[in-house]
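Notes to accompany the following structure.
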Amino acid sequence: LMIQGVFTGLRVLFWAIVLLVTCMYLMGVVAVTVFSEEQGMTEFASVSAAMFTAFRCFTDGCAATDGTPLQETLRQKFGFPFMMIYILLFLFVTIGIFNLIMAVFIDNVTDGCTKKRQRELGHNAPKNAWRIAATLRNIILQKVLRKEAEDEAMKEALNGPPGTARRVSKIFREKWEELRGMYGKPHSTYEYAELTDRIREDMAEYDVVVTRDEFNHWLASHDGLLDTLEDAEIDLSCKSDLFDVLDADMSGELEFEEMIDGLLKCRGPASKTDIIAIRLKARLMVRMMTAICSKLGIKDV
């Protein structure tokens, strides 16, 4: 991430260096013009030497060739005007230019990383949809198949010959292996989307709904579900509120389609499209409420 951030901000860093070199050049020209007549001041003998001296005074240390403090030497020669100019320039370069360069560089790197993350979320959407759908399907079908296995074991015990009834665990294992063989492992974006649609269609036949207690129990006990949601970059800091987020119709129950579509919407940070969608829907609701109030003759709204 650090290396990627450096490469992302190279363009900004280049222009920041150009700005700094330009400022050093202007200071070097002024310094040569003012201090060139002073005897023994080799630090300002040329524009390049004056530029390097100015850069040292704002970064490493402002010392003359003999080791004495250069700014104090110049203050003694030029007095109060030099002191004020040096203080203002020092504040302008260190607090102004250096911090501006750092702020712009960090902002550019952060923005580049955010855009790359959004692109990765979009690219991985089919894979995440398949993983979430497969994980939820496994959790739901384990409960459904176990109930079916218990019913079959009871029927075999009641209707079959004594001692021939299969155990519930064996019936469940057979059903589970048969179900697992129905799906292969996808390798491409198209296969991820195709298998996700198949899972949606198969789960629609079971007509299963999930209550709040069941969903919260899954979040508390199924590590596989938590790992899948974390890999999809779904925020789990407030797991107890996730059911309310997914239950858009406030029915108190979640269908399989509701869980898949809702969890996919929860991936990653809020984007500009999410904010615009909320604003447009709020505007539509205001128009609808205004039309209703107008038909009912309500004016004081």
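For this structure, a couple of remarks:
- From Thr33, Thr114, Thr22, residue being touching a residue at least 40 places away in the same chain (Cβ under 8 Å) and among the hydroxyl-bearing types (Ser, Thr, Tyr): Thr114
- In region 104-115, residue nearest to Val21 (Cα to Cα) [restricted to those that are open to solvent by 60 Å² or more (accessible area, probe 1.4 Å) and not basic (Lys, Arg)]: Val104
- Extreme residue, nearest to Pro126 (Cα to Cα), among residues of region 247-263 that are surrounded by fewer than 18 Cβ atoms within 10 Å (Cβ to Cβ) and among the aliphatic types (A, V, I, L, M): Ala248
- Residue, surrounded by the most Cβ atoms within 10 Å (Cβ to Cβ), within region 144-195, restricted to residues that are modelled with pLDDT under 75 and of a type in the set (Asp, Glu): Glu152
- Considering Thr73, Thr94, the condition of being part of a helix (DSSP H, G or I) and over 28 Å from Val12 (Cβ atoms) is satisfied by Thr73 alone.
- So Thr273, is it of a type in the set (S, T, N, Q) and at pLDDT 85 or above: no
- Hits in region 41-53 - residues which are among the hydrophobic types (A, V, I, L, M, F, W, C) and at pLDDT 85 or above: Val47, Ala49, Ala50, Met51, Phe52
- Note on region 116-134: residues that are open to solvent by 30 Å² or more (accessible area, probe 1.4 Å) and polar (S, T, N, Q) amount to 2.
- Failed item in (1) within 23 Å of Gln142 (Cβ to Cβ); (2) within 23 Å of the chain's Cα centre (by Cα), with Thr196 passing the rest: (2)
- Beta carbons closer than 9 Å, at least 6 apart along the sequence or on distinct chains, pair a first residue in region 98-111 that is under 14 Å from Trp15 (Cα atoms) and part of a helix (DSSP H, G or I) with a second that is open to solvent by 50 Å² or more (accessible area, probe 1.4 Å) and among the aromatic types (Phe, Trp, Tyr) for Val104/Trp15.
The values are calculated or read from the model by the stated rules, or taken from the named source; none is laboratory data. Quantities reported herein were computed from a predicted structural model and do not represent experimental measurements. Every residue, glycine as well, gets a Cβ built from its backbone with ideal geometry; the counts of neighbours run over all protein chains shown. Heads up: the accessible areas ignore ligands, DNA and RNA and are worked out on the full protein's heavy atoms, side chains in. Shrake-Rupley method; radii C 1.70, N 1.55, O 1.52, S 1.80 Å.
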